[in-house]
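The values are calculated or read from the model by the stated rules, or taken from the named source; none is laboratory data. Small disclaimer: the values here were computed from a predicted structure and weren't measured. Every residue, glycine as well, gets a Cβ built from its backbone with ideal geometry; the counts of neighbours run over all protein chains shown.
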Amino acid sequence: MWQPLGTIHGLPCPPVEDFNYKPFDLAICFLTLMFIPLEDREALLYELDSKRRLGGAIIVVDKFEPEGGYLSTALWRLTLAGKRQAGVDPAEILEKEMSLVGVQRPTPAWMKRSGTEFFRFGDFRGYVIEGPSERDPSFL
């Protein structure tokens, strides 16, 4: 049986923006930021960076605002088509889309952090944010 090397926090726990973080080597924000109020996201990333040990990293995978143009529309339509092809009922697709209105807000493009992009599909992107060997306050 797999034994974690660190602590995995599950439910129930306080909201991510209110959590009392301890120093860590790795933090993963997976489809998290888009559900946090915009005014709290930047502070959360700064808080995480302040608790990241030297040599540690923060992995962010989230939905970002579309960069515009028809490509964004086409990719969104392909996502819907993929759900239909997987057998999801159109009413369920519409219900989910409507349930996210006012709850899910894609992360603005200006909030992208310096880091290495390792994943991109449509509006979803993944970044690994690593710091320099010494703390640099201009990093974030």
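If residue 57 satisfies all but one of (1) touching a Pro at 6+ places or on another chain (Cβ under 8 Å); (2) closer than 21 Å to residue 130 by Cα; (3) touching a residue at least 60 places away in the same chain (Cβ under 8 Å), what's the number of the condition it fails? Against the list (1) touching a Pro at 6+ places or on another chain (Cβ under 8 Å); (2) closer than 21 Å to residue 130 by Cα; (3) touching a residue at least 60 places away in the same chain (Cβ under 8 Å), residue 57 comes up short only on (1). Does at least one position in the range 120-127 carry a residue that is in contact with a Ser or Thr (Cβ under 9 Å, 6 or more places away or on another chain), modelled with pLDDT under 85, among the hydrophobic types (A, V, I, L, M, F, W, C) and exposed (fewer than 14 other Cβ atoms within 10 Å of the Cβ)? Taking every residue of the range 120-127 in turn, at least one turns out to be in contact with a Ser or Thr (Cβ under 9 Å, 6 or more places away or on another chain), modelled with pLDDT under 85, among the hydrophobic types (A, V, I, L, M, F, W, C) and exposed (fewer than 14 other Cβ atoms within 10 Å of the Cβ).
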